[in-house]
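Down below is the structure, laid out as structure tokens.
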Amino acid sequence: MRKTYLNLSFVLVLISAIACNTKEQSASGSHDSNEVAEEQNEEKFDDASKEVRNDAEFVAEEVADNHAEVELARVAMERTNNTEIKRIAGDLIKSHEQKIQELGKFASAKAITVPNEPEDSDLKTVTNLREEKDIADFNKKWCKEAIDQHDEAIKEYEDQLDDTEDAELKNWITNTLPTLRKHRDELKACHDKLKDA
């Protein structure tokens with residue numbers, strides 16, 4: 001009798017977990033982790049200050065952007081025949097994976113939900129690059145895309161540095177910006193060489 005009771009309890013717990021998961025997916029209307037993160041953060045921080053809401057939005061978006069940077073670097077490792085691009089791409093993978101981990105720890109401490117994938121638009125960019133037939137064109141387009149992403153990230157980090165009141169986030173951005181600028185400068189130098197070749 002006790003065994004039957006335990007089995008029944010297990011089944012009820014399992015059904016409850018599935019129901020909750022289905023409810024979350026229905027509420028989000030999608031399996032896209034970016035949309036889920038956005039909706040959950042809006043709910044969690046609805047009554048918070050504007051600064052706290054902005055911090056949560058920034059962290060979630062930057063996690064997605066760093067996932068995009070990693071995917072962009074991986075496609076370079078797969079496709080390029082250029083040793084300089086390969087070296088830069090390898091550095092980018094390590095650096096942006098580290099940023100994902102650091103932002104993940106910060107998000108966990110602040111109860112911020114973060115995505116586990118890039119935005120759809122960034123995935124489309126990676127797919128288009130992967131399908132580029134001419135390797136010389138791929139190299140130039142890849143460098144240009146990576147430069148644009150770093151320029152955009154630097155602007156977002158600088159803006160957030162001015163806006164945030166969170167000392168920990170401010171410190172993290174301050175420490176991260178030099179690496180972003182270094183990578184951007186390396187990418188520009190590489191792109192200039194490709195244009196002159």
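The values are calculated or read from the model by the stated rules, or taken from the named source; none is laboratory data. If you're wondering where the values come from, they're calculated on a predicted model, not measured in any experiment. So basically every Cβ, Gly included, is an ideal-geometry build from the backbone, and we count neighbours across all protein chains shown.
General remarks:
- Selection of the stretch 46-60 for residues being crowded, with 19+ Cβ neighbours inside 10 Å and in contact (Cβ under 8 Å) with a residue 60 or more places away in the chain yields Asp55, Phe58, Val59.
- Yes/no for Asp55 being in a loop (DSSP other than H, G, I, E, B) and over 22 Å from Cys190 (Cα atoms): no
Residues checked against (1) of a type in the set (Gly, Ala, Ser); (2) crowded, with 20+ Cβ neighbours inside 10 Å; (3) out of contact with any His (no Cβ under 8 Å at 6 or more places or on another chain):
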position: Arg74; (1), (2), (3): no, no, yes
position: Asn81; (1), (2), (3): no, no, yes
position: Ile88; (1), (2), (3): no, yes, no
position: Asp134; (1), (2), (3): no, no, yes
position: Lys140; (1), (2), (3): no, no, no
position: Cys143; (1), (2), (3): no, yes, no
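- Restricting Ala89, Ala60 to those that are more than 17 Å from Leu177 (Cα to Cα), assigned by TED's automatic domain parsing to the domain that holds Glu156 and within 13 Å of the chain's Cα centre (by Cα) reduces the list to Ala60.
- Lys124 falls short of the stated requirement of being over 28 Å from Asn41 (Cα atoms), surrounded by fewer than 16 Cβ atoms within 10 Å (Cβ to Cβ) and without any contact (Cβ under 8 Å) to a residue 12 or more places away in the chain.
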